[in-house]
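The values are calculated or read from the model by the stated rules, or taken from the named source; none is laboratory data. Every value quoted in this text rests on a predicted model; they were computed, and no experiment measured them. In this analysis, Cβ positions are derived from the backbone assuming ideal geometry, glycine residues included, and neighbour counts consider all displayed protein chains. Heavy atoms of the whole protein, side chains included, go into the accessibility calculation; ligands, DNA and RNA do not. Shrake-Rupley method; radii C 1.70, N 1.55, O 1.52, S 1.80 Å.
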Amino acid sequence: PMLVPGQVADIDRSGRVPRRELGPGVNPATSWPSGKPRFTTEYPEDYDLSDPKGSFQRVGERILAEMVEELPELYEMPKKEVDWVAQSLEYNAVGGKMYRGLTVVETGVRIMESQGRTPTNRDLNRFAVLGWTVELLQACMLMADDMMDGSLTRRGSPCWYRLPQVGMLNTNDFLMVEMFVYKVLKRHFGQEEYFVWLVDLFLETTFQTECGQLLDSICANCALEELTTDRWTLIVKYKTAFYSFYLPVALAMLVAGVRDPEAFDTAREVLLMMGVYFQAQDDYLDAFANPEELGKVGTDIQDKKCSWLFAHAYHQLCTPEDRDFLKEHYGKCKVDSDEERRIKDIYRSVGLQELYVKYEADTSASLESYKEKIEAVGLPWSIFERFFVLIYKRRK
């Protein structure tokens, strides 16, 4: 029998082709095997805003379980591989600070309240689901970045790729984690008219981040003279600021009904500034924080990173003698070597710690100047104020 537009076929044992209408979000090209796609539309568990982390973690547990449960039936995956995926998700997506994911929830709540609406339990759960898509994107980025950088630890444990049974399997693992971003989006938002906007925002943000990763990784092939503060700003804007700061807020804005392009442009401007500051913090902590407190071993000097510290020291603050030492050893010495310790001493002696304190204060003052502009486009200033409080003067 011929199929007509708007119908999808399942051939039963008699050879007949029963016709059924396509529902919202159902793609005839991917509705195989039977039972796909699955949509989650009900959220029976109460989301308790008085316990934001606990509530968010419970949503995460449910999402990861949903993803793993689909694998045997809808993807014919054997138990050994299903267990591997479950272990990969648990090891890499769980256990972080969850700043990005929690920001989605808090932003969504504050926008709805500013609109005179009270978020329902369904609203809260769906904001949390979006938060977990950001956490999954973060996880896949870190899995790839750790392997490219040769990092040793992440969140106080060995990086996933460094586990004896993992190694290069990490390449497929981080790609699968990235795909779970879109599977979660489809399962929870696939029937919404704005679903394509959510997907587009993730695609654009992911590509921006990968552009930033290229800018960062190719520094290994750059002369030290190329590792400037301008290059550093470009790297961190694309590698960190878009996905860590703009993405969580923009997602909540879309789902909360914000449609004014000027609101997104203004939010982006402020959030990118925060993201650049956040990476300057990261660079500073890489050199000066206690690895046990930080949860990872700093490798920026060994890896010849275009860091905030190096760019300022080499191009603006160093004596000729110090610059010669950097030329000889930056990117060529091992972690905890005498040469690395000497480079950190140079950073201290040229006043980088004092410069960083001033940079923090200047960033805080600059942020305050945006309050009127943010409120003029109908966004609550408390979103941005709260986000900055979470990161200001952080130590890990």
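Observations on the structure shown:
- Of the residues making up segment 340-349, those that are open to solvent by 30 Å² or more (accessible area, probe 1.4 Å) and either over 33 Å from the mean Cα position of the chain (by Cα) or within 22 Å of Thr228 (Cβ to Cβ) (or both) are Arg342, Lys344, Arg348, Ser349.
- Test result for Thr240, surrounded by 20 or more Cβ atoms within 10 Å (Cβ to Cβ), in a helix (DSSP H, G or I) and either modelled with pLDDT under 95 or polar (S, T, N, Q) (or both): yes
- Conditions (1) part of a helix (DSSP H, G or I); (2) open to solvent by less than 30 Å² (accessible area, probe 1.4 Å); (3) more than 20 Å from Val335 (Cα to Cα); (4) at pLDDT 95 or above: number failed by Phe278: (4)
- Of all the listed residues (Lys373, Lys358), the sole one being among the basic types (Lys, Arg), under 17 Å from Glu269 (Cα atoms) and at pLDDT 95 or above is Lys373.
- Selection within segment 86-105 - open to solvent by 10 Å² or more (accessible area, probe 1.4 Å), assigned to a helix (DSSP H, G or I) and within 18 Å of Glu178 (Cβ to Cβ): Ala86, Gln87, Glu90, Tyr91, Asn92, Arg100
- Of the residues contained in segment 148-158, one or more are found to be surrounded by fewer than 21 Cβ atoms within 10 Å (Cβ to Cβ), more than 15 Å from the chain's Cα centre (by Cα) and in a helix (DSSP H, G or I).
- Of all residues in segment 376-396, exactly one satisfies the criterion of being aliphatic (A, V, I, L, M), open to solvent by 50 Å² or more (accessible area, probe 1.4 Å) and modelled with pLDDT of 95 or more, namely Ala376.
- Matching residues in segment 162-183 - criterion: being open to solvent by less than 40 Å² (accessible area, probe 1.4 Å) and farther than 23 Å from Ala241 by Cα: Leu163, Val166, Gly167, Asn170, Asp173
- Residue in segment 70-83 that is modelled with pLDDT under 90 and within 30 Å of Arg155 (Cβ to Cβ) present: no
- Check on Asp362, more than 24 Å from the chain's Cα centre (by Cα), assigned to a helix (DSSP H, G or I) and under 27 Å from Asn221 (Cβ atoms): no
- On inspection, Phe39 qualifies as of a type in the set (Phe, Trp, Tyr), assigned to a loop (DSSP other than H, G, I, E, B), surrounded by 14 or more Cβ atoms within 10 Å (Cβ to Cβ) and touching a Gly at 6+ places or on another chain (Cβ under 7 Å).
- Within this structure, Phe325 passes the test of being open to solvent by 20 Å² or more (accessible area, probe 1.4 Å) and part of a helix (DSSP H, G or I).
- For segment 284-322, taking the residues that are in a loop (DSSP other than H, G, I, E, B) and among the hydrophobic types (A, V, I, L, M, F, W, C), the one that is modelled with the lowest pLDDT is identified as Val297.
- Restricting attention to segment 268-279, the residues that are closer than 17 Å to Thr209 by Cα and touching a residue at least 60 places away in the same chain (Cβ under 8 Å) add up to 6.
- Every condition in (1) touching a Cys at 6+ places or on another chain (Cβ under 9 Å); (2) under 29 Å from Ala250 (Cβ atoms) is met by Glu375 except one, and the failing one is (1).
- Close pairs (8 angstrom Cβ cut-off, 6 or more residues apart or separate chains): among the hydroxyl-bearing types (Ser, Thr, Tyr) in segment 249-267, part of a helix (DSSP H, G or I) and open to solvent by less than 30 Å² (accessible area, probe 1.4 Å) anywhere: Thr266/Ile374
- Hits in segment 353-396 - residues which are in contact with a helix residue (DSSP H, G or I) (Cβ under 7 Å, 6 or more places away or on another chain), without any contact (Cβ under 8 Å) to a residue 60 or more places away in the chain and not basic (Lys, Arg): Leu355, Glu375, Trp381, Tyr392
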